[in-house]
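Asker: If you scroll down you'll find the structure; I have some questions about it.
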Amino acid sequence: MAERVVSPCIGVCTLDPVSKLCTGCLRTGDEIMAWPSADDARRLAILARLKERRIAAGRVSAMDVKPRRRRRAEGSADRSGERST
């Protein structure tokens, strides 16, 4: 079974009274409540919005500016032509 998209929660769970965003992960209350039942497509959409919010708030990490590498499927060839196991 494939792994689900992991929650962006960092354990600082307080909603800002002005922005209505979690001060830790920047999700809205609705996004937090929807997360447990959301499918991976919806979770990825939430994560994309969070990235935009972090950039707008100046809370950018190195991971926000680096392209993500996709995990190779088991048995796929790497750049040298050798197959991974």
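The values are calculated or read from the model by the stated rules, or taken from the named source; none is laboratory data. Everything numeric in this text was worked out from a predicted model, so none of it was measured. When we count neighbours, we look across all protein chains shown, and the Cβ atoms used for this are built from the backbone with ideal geometry, even at glycine.
Asker: Name the helices (runs of 4 or more DSSP H) wholly within the chain that hold at least 2 residues that are at pLDDT 95 or above?
Answerer: Once the helices (runs of 4 or more DSSP H) in the chain are filtered for at least 2 residues that are at pLDDT 95 or above, what remains is 29-34, 40-57.
Asker: Still on this structure, I have one more. Within the stretch 33-64, which residues are without any contact (Cβ under 8 Å) to a residue 12 or more places away in the chain and β-branched (Val, Ile, Thr)?
Answerer: ILE55, VAL60
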